[in-house]
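Take a look at the structure below.
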Amino acid sequence: MQVGADEFGYALSRPSIKAGPAIVQLANFGEDEHDLRLQRVGGTRVYRIATVRPGGVGELEARFLPGRFRLWCSLADHRAQGMRATLLVRKT
């Protein structure tokens, strides 16, 4: 699944994925650096893709449990400016 980032928003390549192993890519189409954080609603673990420069791509390989995940950029005030999204992880 790919998450496209620009100023100041995310565009998901699909609104949901199946539970289990997955690869999440952060593609930075913007002019500023961005990162990606994912956390399952009600969960404590935060998945991270480090800061990606403009034109770059970061990647995360992880096993996701079913549920609704919050996505956000943790840099500066990017989250407050709208860099957040929701991903649904479906049962297989």
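Tell me the per residue accessible area of the chain using a 1.4 Å probe; a whole number in Å² is fine. Before the final figure, lay out each step's value.
Working: 5300 Å² over 92 residues.
Dividing the accessible area of the chain by its residue count gives 58 Å².
Evaluated at q = 0.18 Å⁻¹, a Debye calculation over the C-alpha positions of region 25-70 (equal weights, vacuum) places log10 I(q)/I(0) at -0.57. The Rg/Rh ratio of region 49-92, with Rg taken over Cα atoms and Rh as the Kirkwood radius over Cα pairs, comes to 1.02.
Volume per residue for the chain equals 78 cubic angstrom (convex hull of Cα atoms). Ligands, DNA and RNA left out, the 1.4 Å accessible surface of the chain is 46% carbon and sulfur atoms. For the chain, the relative contact order comes to 33 percent (Cα pairs under 8 Å, sequence separation of at least 6). Net charge dipole, the chain: roughly 820 debye, given to the nearest 20, about the Cα centre with Cβ charges of +1 for Lys and Arg and -1 for Asp and Glu.
The values are calculated or read from the model by the stated rules, or taken from the named source; none is laboratory data. Model, not experiment: these values are computed from the prediction. Heads up, the Cβs are rebuilt from the backbone with ideal geometry, glycines too, and the neighbour counts pull from every protein chain shown. Accessible surface is based on the protein model in full, side chains and every heavy atom, while ligands, DNA and RNA are left aside. Shrake-Rupley method; radii C 1.70, N 1.55, O 1.52, S 1.80 Å.
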